[in-house]
Amino acid sequence: MPGSASNVPLILGFGLAVAAVSVGVWGAKGTRGLDGFGGGRRRGLGGRRTTRQIRGHAETSELKLFIDNDGELYRSQTTGIQKQLVTRMARGNFNPALAEKAWMHLVERGAKKYVRDVAGGGTWHQMFSMADRKQVAKELNDEFMAEAKYGNYDSYLPKKYQKQG
């Protein structure tokens with residue numbers, strides 16, 4: 001019987017075991033846990049990655065893959081950003097710092113869409129930290145610059161900036 005006195009020590013023992021495991025997992029130094037408090041970055045580990053840095057890398061790659069593979073984001077923002085940056089490069093008034101800022105708009109929209117579609121709700125700015133979003137924007141900008149260097153976006157240029165020949 002579930003309510004008998006003989007099961008009470010078993011249930012109580014199970015509850016203590018669960019509590020011990022949860023404290024060990026979520027209360028460990030260097031992790032955020034369920035409530036977002038505690039831990040943080042540990043410094044001075046001789047170049048080894050801490051728990052937060054590994055977690056940040058996973059979030060960064062997940063967000064970047066989502067942005068790269070979402071057709072709506074590509075049509076609505078990515079091509080527009082690419083056209084604008086290629087045109088600025090052809091005009092000669094390209095600013096790399098502002099280019100990363102343009103990619104940040106895409107990354108923030110992608111983070112919001114990821115939380116809404118994949119994660120099932122929550123707060124996007126807590127799921128993806130500012131450092132993670134800046135890293136994704138930098139990676140998108142670096143990929144764009146590498147491709148633009150080889151002329152892969154020349155078809156986006158207005159006619160007056162296209163090479164004759």
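Tell me which of these VAL118 doesn't satisfy, since it passes every other one: (1) surrounded by fewer than 13 Cβ atoms within 10 Å (Cβ to Cβ); (2) in contact (Cβ under 8 Å) with a residue 24 or more places away in the chain; (3) farther than 19 Å from HIS57 by Cα.
Answer for VAL118: the failing condition is (3).
Among the residues of the range 102-124, is any assigned by TED's automatic domain parsing to the domain that holds ASP70, farther than 22 Å from GLY71 by Cβ and in a helix (DSSP H, G or I)?
For the range 102-124, residues assigned by TED's automatic domain parsing to the domain that holds ASP70, farther than 22 Å from GLY71 by Cβ and in a helix (DSSP H, G or I): absent.
If we keep just the residues of the range 132-156 that are among the small types (Gly, Ala, Ser) and surrounded by 13 or more Cβ atoms within 10 Å (Cβ to Cβ), which is nearest to THR87 (Cα to Cα)?
Step by step, filter the range 132-156, then rank; the result is ALA148.
The values are calculated or read from the model by the stated rules, or taken from the named source; none is laboratory data. Note that the structure is a prediction, hence the values are computed from the model and not measured. So basically every Cβ, Gly included, is an ideal-geometry build from the backbone, and we count neighbours across all protein chains shown.
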